[in-house]
Structure formats: structure tokens, C-alpha cells
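Quick notes on the structure that follows.
The values are calculated or read from the model by the stated rules, or taken from the named source; none is laboratory data. As the structure is a computational prediction, the values presented were derived from the model and not from experiment. Reconstructed Cβ throughout: ideal geometry from the backbone, glycine too, with neighbour counts over all protein chains shown.
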Amino acid sequence: MKVILRENVPNVGKIGDILTVADGFGRNYLLPRSLATLANERNVGQMEHHKRVATARLSKAKAAARVTADRMSGLRVVATRHAGEDGKLFGSVTTRDIADLIAEHGFVIDKRDIGAPESIKQIGEYPILVKLHGDVIAKVTLEVKPDA
């Protein structure tokens, strides 16, 4: 029996794979649980169409992320915090703070997409990597200054 997987099935295959499976496995397990559909002409054509649409959507999102990365690269954000004499901060600069500072420049970034050291607790400059899409990463500089 030829089937098209609709879900990832461990030890069987991934979404979109066209497989030949035993009749009983397909009829009693894959089809009733909607893990797969029969691989007839109509379903194969439909799957190919969905793949093309998904690929086009992915390439469009990646192109938009590259444009944003080009605009964002070289961006310098400044965080002002209360610090002691030795340059140690009272508190820290978190990824949420960095996301808010970047948002002030017109870029909406989720805090989980920011690659920063665990916690920034010292005055200085830090390179921050912002993951925009898959392998598209922008480099931003964070400068932590003491307040007056």
C-alpha cells in the first residue's frame, strides 16, 4: 500500500514522505489515526502543491528577514543602569531589556530570539546576535553605561 505521511511517524518517516507500507499497518494504524493518506494521483498532486506553496512562503519570509538583517546590522543600542564604583551593575541587563531597546529603533524582536550572554552585569560593550529567521542573524552592539 502506498501512503503519504501527514505527520512525523517515529521509525517510519516524516511529513510528506511517500512510502510503501504493509497493507495492515496502513489500513489499521496510519489511515484511522489520520497519520497518512492514500497515495493516489489526486493526493500526490495536492501534496506537491502544498510543498510548492510552503517553499514559496518560506523563501519570501527569508528574503524579508535578510532585508531586516541588513537594516539592523550595525545597530547600536545603549542601556543605562545604576552601577557601583567598580563598574558592576546593581541588577542586570536581560534579553527583555535588549528587545525593548531594539524595539525603540522600530524592530519588533522576541526576547527568545536574542543571543546574549547569560546575564550582563558589567559596564561595557557586548555583541548581541539576533536570530531573525532560520539562518538569518543580525549583529547588534549593546553598550551598557552607568547612569549619572
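Below, the figures for the structure above:
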{"item": "Scope the range 37-93; condition within 30 Å of D23 (Cα to Cα) and small (G, A, S); matching residues", "result": "A39, G45"}
{"item": "Condition broken by V108, with the remaining ones in (1) in contact (Cβ under 8 Å) with a residue 40 or more places away in the chain; (2) in a loop (DSSP other than H, G, I, E, B) satisfied", "result": "(1)"}
{"item": "Condition broken by T37, with the remaining ones in (1) in a loop (DSSP other than H, G, I, E, B); (2) among the polar types (S, T, N, Q); (3) touching a helix residue (DSSP H, G or I) at 6+ places or on another chain (Cβ under 7 Å) satisfied", "result": "(1)"}
{"item": "Among the candidates R52, R76, residue that is modelled with pLDDT of 90 or more, touching a Ser or Thr at 6+ places or on another chain (Cβ under 6 Å) and surrounded by fewer than 12 Cβ atoms within 10 Å (Cβ to Cβ)", "result": "R76"}
{"item": "Conditions (1) surrounded by 12 or more Cβ atoms within 10 Å (Cβ to Cβ); (2) outside any loop (DSSP other than H, G, I, E, B); number of the one not met by F90", "result": "(1)"}
{"item": "Any hit, the range 53-69, residues being out of contact with any strand residue (DSSP E or B) (no Cβ under 6 Å at 6 or more places or on another chain), of a type in the set (A, V, I, L, M, F, W, C) and assigned to a strand (DSSP E or B)", "result": "no"}
{"item": "The range 95-113, residues that are in contact with a strand residue (DSSP E or B) (Cβ under 8 Å, 6 or more places away or on another chain) and either exposed (fewer than 11 other Cβ atoms within 10 Å of the Cβ) or among the hydroxyl-bearing types (S, T, Y) (or both)", "result": "T95, E104"}
{"item": "Some residue of the range 34-45 being modelled with pLDDT of 90 or more, touching a Ser or Thr at 6+ places or on another chain (Cβ under 9 Å) and among the small types (G, A, S)", "result": "yes"}
{"item": "Residue within the range 128-146 that is part of a loop (DSSP other than H, G, I, E, B), surrounded by 15 or more Cβ atoms within 10 Å (Cβ to Cβ) and at negative phi present", "result": "no"}
{"item": "Sole exception among (1) within 30 Å of V136 (Cβ to Cβ); (2) of a type outside the set (S, T, Y); (3) exposed (fewer than 14 other Cβ atoms within 10 Å of the Cβ); (4) in contact with a strand residue (DSSP E or B) (Cβ under 7 Å, 6 or more places away or on another chain) for H82, by number", "result": "(1)"}
